[in-house]
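> Pasting a structure below so you can have a look.
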Amino acid sequence: MNWTGRRLPRTEDPALLRGEGAFTADLAAGARAVRFLRSPFAAGRILSITAPDLPPGALLVTGADLEGVGTIRPELFRFNYRAIAQPVLPRERVHFVGQPVAAVVAATPEEAEDIAEAILLEIEPEEPVVTIDDALRPGAPILHAEAPGNTVVDGTIRHPDCQAAFARADRIVEFSLRSGRQNATPMEARAGLAAYDRATGRIRLTASCQMPHMLRTGIATLLGMAEADLQVVAPDVGGGFGQKMALFPEYPLLVWLARRHRGSFCWIEDRNENLIASAHSREQRHHLRAAFAADGTLLGLEADILANTGAFSCYPTTCGVEPLMALAEYPGPYRLPTYAARARALATHTCPAAPYRGVSRPVVTFGLERLMDRAAAALGIDPVELRRRNLVTEFPHVTPTGLTLDQASYVEALDRAAEAADIPGFRARQAAARRDGRYLGLGLAVFNERTGYGTPAFAARGMGIVPGYEVVDIAMTPAGDVEVRIGASPHGQGLRTTLAQLAADRLGLDPSRIRVIHGDTDRTPYGWGSFASRGAVIAGGATQLAADKLATRLRRAAARLLQAEPEAVTLRDGAAWAGEASIPLTEIARRVHQRSEQLSDLDGFNLAETAQYDPGGTFSNACHVAEVEVDAETGHVRVLRFLVVEDAGRLLNPLIADGQVHGGVAQGIANALLEEVLYAADGNPLTGSLADYLPPSAAEIPLIEIIHMETESPETLTGAKGLGEGGAIGAPAAIANAISDALAPFGVDIAELPATPARIRALIRNAR
Amino acid sequence: MSKTPIRLTVNGLPHEVAVEPRRTLADALRDDCGLTGTHLGCEHGVCGACTVLLDGEAVRACLHFAVQADSRAIRTVEGLAAPDGTLNPLQRAFWENHGLQCGFCTPGFLMLATWMLEQPGPVDEARLRHVLSSNLCRCTGYQNILTAVRAAAQELGKWAETAPA
Ligand code: FES
Ligand code: FES
């Protein structure tokens, strides 16, 4: 029976469907409530924090109380990175609206809020730096003395022959683009519960996080406590999308409280806090210049990349993650002979940036795919044909930034998408609609997605903390069930199901006998988490390796018991078989553990194995097609059709894979049309509720059609490539191209996202 | 702050609790009744994660005060499955169609869809999308939620085919 590849419904679901899931806030009964007092100013000097008479049992904690607690200061050893430090609670200055300045503890959240409101926080405001232009202005206030010019990262890649390519070009296409700031907006905001265990002196931090092991190390280091005395648990986590990777100051503070006051302390973030003070992403500006030959061949590319990464540098990835990913991955799936680029991270008095699904690739793809459409128009070449001429077709291919593209289907996916989109039919409908004064547009986005990359890829970035590998411990219990303990920590991706499918096939066992255990530093081996589209590839590969080792042990034991050669033993249907003879795995497990006199000379006394996996990485690829209608009067965009041709290698569970694509595309559409974090000139956030920051509802997201191609990766053990981020990467570009196509009669070019109705109206007005 | 005694009937069972007047129905359900299946995604009436049925109407539990629900009947996600845990047809459809990922929004969608399917008359595609657009989900892109509710409506004989738009 092949379990891998089946659309198996998830083992995660029944409890969640009964309302019996355990999210952090569901576990908080009995804990004292923590409320953070947050800075109302973007920049300023703290003069005083005065509390009214606190009711009995209530506490106020300020930076002055945190003697000996370290700062959050991630490292990057390349690209002129300036290490900047974030205090858990500041003593001297505030750096963004929403920064935690003090913590109030009371018996209930209501009481804590009442006390927080009565606290007098005296801050002398200073001139804030809010935008990219503010940060770059000569003479601008400097956020961190360590980072002159507010430049925290300044990376360049410059090929010597780039200028020559431009001198040779028949056509140079040049433009700027801008991506608005976004918030990943998981439906469950952040939450933490730190509980002191009096019997052992240990602390258990339950937190809505993506990287429990990393969080544990980070907090133990900050607080100078024994890591062994801290357990971090990620229970059910209500989405993360990158936002919950970071070590935020709120979590060490909770652990500090639990240690100091020997009790349980809980912080449940509200939506306003999450919108203004968790992590933002993708406020970027790119300037692109590309050289083309008359036949459409791309000869060279120059890029200047600026990212507003906010007040501090997120731990562990650092604020370099956005600009440096853009720097390294701008060539995308195209053959690019020569490249010159500079990428900077700029500090401002705004909420710090952290990775969000796709990190910089949605912006890079927006830039690259607008470039292809603009170049096609300038050269008079069909946009599909122009892409086809430039896409990489021979693998492995080394990009000008040194990345190796493994076997993929760039041209094939483009052709499949173009065919399924019926472009000639669309053009006829578009022409007919235009005669009625309606504006339809079709846009394509081709891209590749670097996924499942391990240690070498992260080490190449010069990161002080290098994530990458995953470790899996597998064991068969004496009763014959299998426990798979993983260091990764999924939160909606269904790894409990997918990994059980993989292990089931290797062990000849029904997945219902397999338990995947994750999200608890006491019960799982050290590992990283679920991010960067890596779960199926890396945790999957490690699971497969571990299961194979266990299978070998089972076969050896079975061979002894069945008096056969180990090579002749196969595992299926819950038993080991040698010809017609068989023995149930439950019986083997029992004998190994409880009748060890029969078997222990073979492999010892248990059925436990460990495996590690650390692949170099692979690239999945896709082509997105969007069809839109733009109302030229109101500027409103309706997405009529969305098509995805996705190649993520071998699909371990297509039901789950499709769900990842749907969710990613919905976020991408929202990033293209709806969502933007806005700040006033004084650094006050204007989008503090879900009435201002606009995640899409079912009314805005069309049916998403998916066509799968399965180019198996030679670079990964399972043949799978990651696909968690792809939906979000391609959709903004496809929508931007579709709107530009729809409004071609006005000469409108979308160079700024989100393309809100107001922006589209302004573009049409100015074009007229 | 002084507390008011109230009586909530939740999933058929009486709960006598004392609440501050400002306590929301959502907090009363979660903290006073111990029913944490009702989730809070925004506490300002936008996301619908807190949707429950109050005397048969789908409401945002974060926008109601607990005292407003005094002596009234409330249904929450915990009341959907059979006492032995067997999923009802709507829950089963979510499971089979992968209508959830992280599962945080799921109780709200289940209660919203429960309400819709209990209204007289059949549901068609336009109504389905219109009603389900009341709630937010960040993970699924809605497609499989729509598929799941459509499947449940079909199984329950509540679906009306309409010509595709
Ligand atoms: S929590 Fe009630 S609507 Fe969001
Ligand atoms: S399943 Fe995660 S928010 Fe809906």
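> So in chain A, what percent of DSSP beta bridges are antiparallel if you round to the nearest 5?
Values: 105 of 135 bridges.
Looking only at bridges with both residues in chain A, the antiparallel portion is about 80 percent.
> Using alpha-carbon pairs under 8 Å, 6+ residues apart, how would you state the relative contact order of chain A in percent? Walk me through the intermediate numbers first.
Values: 1954 pairs, mean separation 121.1, N = 768.
Relative contact order of chain A: 16 percent.
> Now for a separate question. May I ask you to list the chymotrypsin sites (Phe, Trp or Tyr not before Pro) in the range A:20-99 that are in a DSSP loop and have at most 15 other Cβ atoms within 10 Å of their Cβ?
Values: sites: A:Phe23, A:Phe36, A:Phe41, A:Phe77, A:Phe79, A:Tyr81, A:Phe96; in loops: A:Phe41, A:Phe77, A:Phe79, A:Tyr81, A:Phe96.
Here the sparse-neighbourhood loop sites are A:Phe77.
> Along the Cα→Cβ direction, 7 angstrom out, place labels at A:Glu385 and A:Asp270. What is the inter-label distance in nm?
So the two model labels end up 6.0 nm from each other.
> Using label points projected 7 Å from each Cα along Cα→Cβ, tell me how many nm separate B:Gln119 and A:Arg198, to one decimal.
5.4 nm
> ³J(HN,Hα) across the range A:382-388 via Karplus (A = 6.51, B = -1.76, C = 1.60, θ = phi - 60°), whole Hz, x for Gly/Pro?
Residue by residue, the range A:382-388 yields 4, x, 5, 5, 4, 5, 4 Hz.
> Between A:Thr570 and A:Arg765, what length in nm is gained on full extension when 0.36 nm per residue of separation is reduced by their alpha carbon distance?
On the way: separation 195, 0.36 × 195 = 70.20 nm, distance 7.18 nm.
Length gained between A:Thr570 and A:Arg765: 63.0 nm.
> For chain A, what is the calculated [θ] at 222 nm in deg cm²/dmol (nearest 500), taking -39500 (n - 2.57) for each run of four or more DSSP H residues and dividing by its residue count? Numbers along the way, then the final one.
Values: 20 runs with 227 residues, N = 768.
-9000 deg cm²/dmol, from helical runs alone.
> Heavy atoms only, probe 1.4 angstrom, no DNA, RNA or ligands counted: give me A:Ile142, A:Ile474 ranked by accessible area, highest first.
A:Ile142, A:Ile474
> Tally Lys and Arg at +1 and Asp and Glu at -1 over the other residues with C-beta under 12 Å from the C-beta of A:Gly296: what net charge comes out? Don't skip to the end; give the middle numbers.
Numbers: positive: A:Arg171, A:Arg335, A:Arg387, A:Arg388, A:Arg389; negative: A:Asp170, A:Asp295, A:Asp382, A:Glu385.
Spelling it out: positives minus negatives among the neighbours equals +1.
> Enter the Cα centre distance for the pair the range A:243-293 and the range A:61-111, rounded to the nearest angstrom.
Spelled out, the Cα-based centre of one part sits 12 Å from the other.
> How many percent of all Cα-Cα pairs in chain A sit more than 47 Å apart?
On the way: 67474 of 294528 pairs.
Distances greater than 47 Å cover 23 percent of the Cα pairs.
> Let me ask you something else. Amide H neighbours of B:Val10 under 5 Å, counting only residues 5+ apart in sequence or on other chains, H built in-plane at 1.01 Å?
B:His15, B:Ile74
> When only alpha-carbon atoms are used, what values of Rg and Dmax, in angstrom, describe the range B:1-131?
Rg, Dmax (Cα atoms, Å): 14.9, 48.
> Roll a 1.4 Å probe over the protein heavy atoms and report the accessible area of A:Glu126 in Å², nearest 10.
Only protein atoms counted, so the area is about 60 Å².
> Report the trypsin sites (Lys or Arg not before Pro) located in the range A:140-227 that are in a DSSP loop and have at most 14 other Cβ atoms inside 10 Å of their Cβ, or state none. Mind showing how you got there, number by number?
Numbers: sites: A:Arg158, A:Arg168, A:Arg171, A:Arg178, A:Arg181, A:Arg190, A:Arg198, A:Arg202, A:Arg204, A:Arg216; in loops: A:Arg190, A:Arg198.
Those that pass, being in a loop and sparsely packed, are A:Arg198.
> Okay, moving on. Between the range B:106-165 and the range A:588-665, what's the alpha-carbon centroid distance in Å?
One Cα centre to the other: 27 Å.
> Under the 0.36 nm per residue contour assumption, what length would be gained going from the current alpha-carbon distance of A:Ala226 and A:Glu113 to full extension? Intermediate values should be presented prior to the final figure.
Numbers: separation 113, 0.36 × 113 = 40.68 nm, distance 3.26 nm.
The span from A:Ala226 to A:Glu113 would gain 37.4 nm if fully extended.
> Explain nothing, just compute: Karplus ³J(HN,Hα) = 6.51 cos²θ - 1.76 cosθ + 1.60, θ = phi - 60°, for every residue of the range A:222-228 in order, whole Hz, x for Gly and Pro.
4, 8, x, 10, 5, 4, 5
> List, largest first, the extents of the alpha carbons of the range A:31-126 along their principal axes, each in whole Å.
50, 32, 21
> Let me ask another. Kindly compute the accessible surface that chains B and A hide from a 1.4 Å probe when together, both sides summed, and give it to the nearest 100 Å². Kindly include the intermediate steps, with their values, before the conclusion.
Working: alone 8520 and 27590 Å², together 32240 Å².
Summing both chains' loss of accessible area gives about 3900 Å².
> Here's another thing I want to ask about it. When the helices in chain B are scored as -39500 (n - 2.57) per DSSP H run of 4 or longer and the sum is shared across all residues, what 222 nm value do you end up with, to the nearest 500 deg cm²/dmol? Spell out each step's value before the answer.
Values: 4 runs with 42 residues, N = 165.
That comes out to -7500 deg cm²/dmol.
> For A:Arg438 and A:Thr610 in the same chain, what is the full-extension length gain: residue separation times 0.36 nm, less their Cα-Cα distance, in nm?
Values: separation 172, 0.36 × 172 = 61.92 nm, distance 6.15 nm.
Here the segment from A:Arg438 to A:Thr610 would lengthen by 55.8 nm.
> Find out how many positive minus negative residues lie around A:Gly180, taking Lys and Arg as positive, Asp and Glu as negative, among other residues whose Cβ is under 14 Å from that of A:Gly180.
Numbers: positive: A:Arg178, A:Arg181, A:Arg282, A:Arg285, A:Arg759; negative: A:Glu283, A:Glu322, A:Glu675, A:Glu676, A:Asp692, A:Glu752.
Its environment carries a net charge of -1.
> Right, something else. Ignoring ligands and nucleic acids, what accessible area does B:Cys62 show with a 1.4 Å probe (Å², nearest 10)?
20 Å²
> Which of the peptides A:607-614, A:428-435 is most tightly packed, and how do the rest follow, judged by the mean count of other Cβ atoms within 10 Å per residue?
Numbers: A:607-614: 19.2, A:428-435: 12.8.
Most protected by this proxy first, the peptides run A:607-614, A:428-435.
> So which GluC sites (Glu not before Pro) in the range A:6-106 are both in a DSSP loop and have at most 15 other Cβ atoms within 10 Å of their Cβ? If you can, show how the numbers build up before the last one.
Working: sites: A:Glu12, A:Glu20, A:Glu67, A:Glu75, A:Glu92; in loops: A:Glu12, A:Glu20, A:Glu67, A:Glu75, A:Glu92.
Answer in residue order: A:Glu67, A:Glu75, A:Glu92.
> Between A:Asp161 and A:Phe395, with labels modelled 7 Å along Cα→Cβ, what's the label distance in nm to one decimal, could you check?
About 2.6 nm separates the two model spin labels.
> Please compute the average number of Cβ atoms from other chains found within 10 Å of each residue's Cβ in peptide B:109-115. If you can, show how the numbers build up before the last one.
Numbers: counts 1, 3, 1, 0, 0, 0, 0.
Per residue, the average neighbour count from other chains is 1.
> Quick check: Cα centre of the range B:16-77 to Cα centre of the range A:303-379, how many Å?
Here the answer is 44 Å between Cα centres.
> Can you give the convex hull volume per residue for the Cα atoms of the range A:456-613, as a whole number of Å³? Working shown, then result.
On the way: hull volume 18.2 nm³, N = 158.
Convex hull volume per residue, Cα atoms: 115 Å³.
> Still on this structure: Among the lysines, which fall within straight-line cross-link reach of B:Lys3, defined as a Cα-Cα distance under 29 Å, with same-chain neighbours fewer than 8 residues apart omitted?
Hits, sequence-local ones excluded: zero.
> Hey, another quick one. Return the long-range amide H neighbours of A:Ile123 (sequence gap of 5 or more, or a different chain), with a cut-off of under 5 Å between placed amide H atoms.
For A:Ile123, whose amide H was placed from the backbone, the distant partners under 5 Å are A:Leu47.
> Averaged across B:128-139, how many Cβ atoms of other chains sit within 10 Å of each residue's Cβ atom? Display every interim value, and only then the final one.
Numbers: counts 1, 4, 2, 1, 3, 6, 3, 3, 8, 9, 16, 16.
Counting other chains' Cβ atoms within 10 Å and averaging over B:128-139 gives 6.
> Rounded to the nearest 0.05, what FRET efficiency do A:Thr297 and A:Ala758 have when you use their Cβ-Cβ distance and R0 = 35 Å? The partial results should precede the final answer.
On the way: r = 39 Å, r/R0 = 1.11.
After rounding, the FRET efficiency stands at 0.35.
> Hey, another quick one. When the Cα atoms of the range B:89-155 are enclosed in a convex hull and the volume is divided per residue, what value in Å³ results? Walk me through the numbers on the way to the answer.
Working: hull volume 4.9 nm³, N = 67.
Roughly 73 Å³ of hull volume per residue.
> May I pose another question? Lysines within cross-link reach of A:Lys549: Cα-Cα under 25 Å, excluding same-chain residues under 8 positions apart?
The qualifying lysines are A:Lys721.
> For the range A:319-409, report the translational diffusion coefficient in µm²/s to the nearest whole number, using Stokes-Einstein at 25 °C, 0.890 mPa s, and a Kirkwood Rh over Cα pairs.
Details: Rh = 14.8 Å.
Approximately 166 µm²/s, per Stokes-Einstein.
> Through the Karplus equation 6.51 cos²θ - 1.76 cosθ + 1.60, θ set to phi - 60°, convert the phi angles of the range A:673-678 into ³J(HN,Hα) values in whole Hz; use x for Gly and Pro.
Working through the residues one at a time gives 10, 10, 8, 7, 7, 10 Hz.
> What residues from the range A:683-725 fall in the zone where the backbone N is under 19 Å from a label point 7 Å along the Cα-to-C-beta line of A:His636?
In the range A:683-725, the label zone of A:His636 (backbone N under 19 Å from the point 7 Å along Cα→Cβ) covers A:691-703.
> Report the calculated FRET efficiency for B:Glu16 and A:His261 (r = Cβ-Cβ distance, R0 = 25 Å), to the nearest 0.05. Spell out each step's value before the answer.
Numbers: r = 33 Å, r/R0 = 1.32.
After rounding, the FRET efficiency stands at 0.15.
> Normalised by the number of residues in the range A:623-768, what is the relative contact order in percent for Cα pairs under 8 Å and 6+ residues apart? Can you show the working numbers first?
Numbers: 249 pairs, mean separation 54.6, N = 146.
So the answer I get is 37 percent.
The values are calculated or read from the model by the stated rules, or taken from the named source; none is laboratory data. Every value quoted in this text rests on a predicted model; they were computed, and no experiment measured them. Cβ coordinates were reconstructed from backbone atoms using ideal geometry, including for glycine residues, and neighbour counts include every protein chain displayed. Just so you know, the surface numbers come from the protein's heavy atoms only, side chains and all, with ligands and any DNA or RNA stripped out. Shrake-Rupley method; radii C 1.70, N 1.55, O 1.52, S 1.80 Å.
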